[in-house]
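Remarks on the structure that follows.
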Amino acid sequence: RRQGGWYDDRLVTAEGEAILAKWDNVAISAFRKNGMLFSVRRDDGVELMGADYSVPAPQIEGVFRAPIENSMSIKLFGISMLWRAAASQRSEYDLVQLPAEVLDELRAFVVEERVPKYWEFPVVLGVFNNRYEFTDIAPHTITMRGVRFVRWCLDGVIMYVATRRRTTGGSRWRGLAVGHNASELMGLIMQYENGSQQRHTDEAFEDQLRR
């Protein structure tokens, strides 16, 4: 699938493409409906659902809690993105290297051979709230609290996906981890301020995981 202009047309068969498209479509629909995409807030006047600005923290404007029919579908979108990045041979994804056995685990989740727990390969979300003029930023690896993540920025949605199944301090992921609450997406609301925002965003997320 095309994400941020990067497309590996040799990655999957037509059948595999249909599976990936399922998770893409579910995620995009949920992000649009809940006003998480910058483009729908800018162009269509859609408001970010469940935004709470009463609990600011350094680098953070607030949190959002958006209703969703099945949050695990969003987690599977994140896991599918991680699998695509690691399995691709394109140079844009060279930083995302995973062992074959981890790729096999991710694939089993993507094709629904088994359902992941919320703490397996945790997925964490956020949104940029203003002045976010870029539709996408290239995926980037970052280590937070000793855990390596791949970070995507997709039309104002910030998504971190852990690159290993088990992480230390699993209780820290409750609430923020996609899939912990089956009917809700929770994430951080960030302001996009300048070119160093990606580093500031990583620092803010890591700070929340210390709490």
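If only residues of the range 53-76 that are in contact with a Gly (Cβ under 8 Å, 6 or more places away or on another chain), open to solvent by 10 Å² or more (accessible area, probe 1.4 Å) and not small (G, A, S) are counted, the one that is modelled with the lowest pLDDT is P56.
So, in the range 87-105, of the ones that are in contact with a Ser or Thr (Cβ under 8 Å, 6 or more places away or on another chain) and open to solvent by less than 50 Å² (accessible area, probe 1.4 Å), which residue ends up farthest from P139 (Cα to Cα)? Break it down into steps so the answer makes sense when it comes.
To start, the set of residues in the range 87-105 that are in contact with a Ser or Thr (Cβ under 8 Å, 6 or more places away or on another chain) comprises 95-96, 98, 102.
Retained after the next criterion (residues that are open to solvent by less than 50 Å² (accessible area, probe 1.4 Å)): 96, 98, 102.
On the way: V96: 9, L98: 15, V102: 19 Å.
This residue is V102.
Evaluate the following for S183: is it open to solvent by 60 Å² or more (accessible area, probe 1.4 Å) and at pLDDT 90 or above? Walk me through how you get there before you give the answer.
Values: open to solvent by 60 Å² or more (accessible area, probe 1.4 Å): yes; at pLDDT 90 or above: yes.
Considered against the rule, which asks whether it is open to solvent by 60 Å² or more (accessible area, probe 1.4 Å) and at pLDDT 90 or above, S183 comes out as yes.
Screening the candidates I79, I28 for the property of being open to solvent by less than 20 Å² (accessible area, probe 1.4 Å) and assigned to a helix (DSSP H, G or I) yields one hit, I79.
The values are calculated or read from the model by the stated rules, or taken from the named source; none is laboratory data. From a predicted model like this one, the values you see are computed outputs, not experimental measurements. Neighbour counts are summed over all protein chains in view; Cβ atoms, including those assigned to glycine, are modelled from backbone coordinates with ideal geometry. We work out accessible area using only protein heavy atoms, side chains counted, and drop any ligands, DNA or RNA first. Shrake-Rupley method; radii C 1.70, N 1.55, O 1.52, S 1.80 Å.
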